[in-house]
Amino acid sequence: MKESAATHARRAQIPVKQFHHHAFRTADMESTRAFYEDVLGCPLIGTFVETTDPVTEEPSNYIHCFFEFADGTALAFFQFQEGLYKPSEIQGDQDPFDHHIALEVESKDAVMAYRDKLAAADYPHMLIDHGYCYSIYLHDPNGMQVELTTKVPETVEIMEKHARTAHEDLEKCLAGVTVANNEFRRLRAQQAAE
């Protein structure tokens with residue numbers, strides 16, 4: 001199924017055109033580089049050494065590194081020189097409901113290739129079939145939850161259907177009607193049985 005004219009018209013009206021970058025702090029830029037560049041295959045395309053805090057304009061010392069995605073957007077990380085900035089309040093593996101990033105890959109085969117690569121390295125991960133996309137979840141060296149996801153053959157159809165009822169579904173849920181409406185989602189036990 002191709003996306004509808006209504007979907008194209010809606011998107012043409014959105015003033016924010018695309019993701020530019022998402023930034024996160026790290027205490028170990030080399031481990032971060034190894035994960036994003038060597039494990040995920042996202043090249044390091046910029047390392048900016050800064051000596052002034054852009055907010056306070058006070059002396060500081062940090063690096064700001066960018067790892068590129070195929071569409072030209074990036075994931076960025078800051079590492080401050082020891083003692084020149086307050087310690088991060090984010091420690092350990094993050095709960096994915098608090099914060100995670102989802103990065104799109106080409107296909108389910110690509111998700112499975114990452115699964116095989118992570119399994120071979122004994123790197124903890126989890127597969128989830130959301131119905132509208134298929135994903136593998138893992139934590140980066142900074143504790144950030146990373147989701148590598150791909151569209152499935154039914155993605156456009158499912159998203160078109162849910163776009164028509166999104167506001168109504170939200171209103172019902174906020175009013176206390178919590179009936180699941182994603183009939184396409186498959187739990188891991190269902191997947192294992194197939």
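Rule-based calculations on the coordinates, nothing more; no lab input. Keep in mind it's a predicted model, so treat the numbers as computed, not measured. Don't worry about glycine lacking a Cβ; one is built from the backbone with ideal geometry, like all the others, and counts go over all protein chains shown.
Could you work out the Rg to Rh ratio of segment 76-194, with Rh taken as the Kirkwood radius (inverse of the mean 1/r over all Cα pairs)? Working shown, then result.
Working: Rg = 17.9 Å, Rh = 17.0 Å.
Ratio value, two decimals: 1.05.
Neighbouring Cβ atoms within 10 Å as the yardstick, rank 60, 4 fewest first.
On the way: 60 16, 4 13.
In increasing order of surrounding Cβ atoms, one gets 4, 60.
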Notebook entry, point to check: Out of residues 5 or more away from residue 103 or on other chains, whose amide H comes under 5 Å of its own, with H placed 1.01 Å from N in the peptide plane?
Noted result: 147, 148, 149
Next item on the list: Could you run the Karplus curve 6.51 cos²θ - 1.76 cosθ + 1.60 with θ = phi - 60° over segment 15-30 and give me ³J(HN,Hα) per residue in whole Hz, x for Gly and Pro?
Entry: x, 8, 7, 6, 5, 9, 7, 10, 10, 8, 8, 10, 9, 9, 5, 5
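Taking neighbour counts of Cβ atoms within 10 Å as a proxy for exposure, in what order, fewest first, do 111, 177 appear?
Numbers: 111 19, 177 9.
Fewest-to-most ranking of 111, 177: 177, 111.
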Check: Which FRET efficiency, nearest 0.05, do residue 76 and residue 8 yield, Cβ-Cβ r, R0 22 Å?
Finding: 0.15
Next item on the list: Considering only 167, 64, 99, give the residue with the highest GNM mean-square fluctuation for the chain, with springs between Cα atoms whenever their separation is below 10 Å.
Entry: 167
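Given charges of +1 on the Cβ of Lys and Arg and -1 on the Cβ of Asp and Glu, with all other atoms neutral, how large is the dipole of segment 54-194 about its Cα centre, in debye to the nearest 20?
Working: 11 positive and 25 negative charges, 76 e Å.
Roughly 360 debye for segment 54-194.
Helix-only mean residue ellipticity at 222 nm, the chain, DSSP H runs n ≥ 4 weighted -39,500 (n - 2.57), per residue, nearest 500. What is it? It would help to have the intermediate numbers written out before the result.
Working: 5 runs with 52 residues, N = 194.
Helices in the chain give a 222 nm mean residue ellipticity of -8000 deg cm²/dmol.
Relative to 2.2 N^0.38 Å, what does the C-alpha radius of gyration of segment 1-132 come to as a ratio? Two decimals please. Don't jump to the answer; show the numbers that get you there.
Values: Rg = 18.2 Å, N = 132, 2.2 N^0.38 = 14.1 Å.
In units of the 2.2 N^0.38 Å rule of thumb, it is 1.29.
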Next item on the list: Would you mind checking the radius of gyration and Dmax of segment 17-89 based on alpha-carbon positions, in Å?
Entry: 12.9, 38
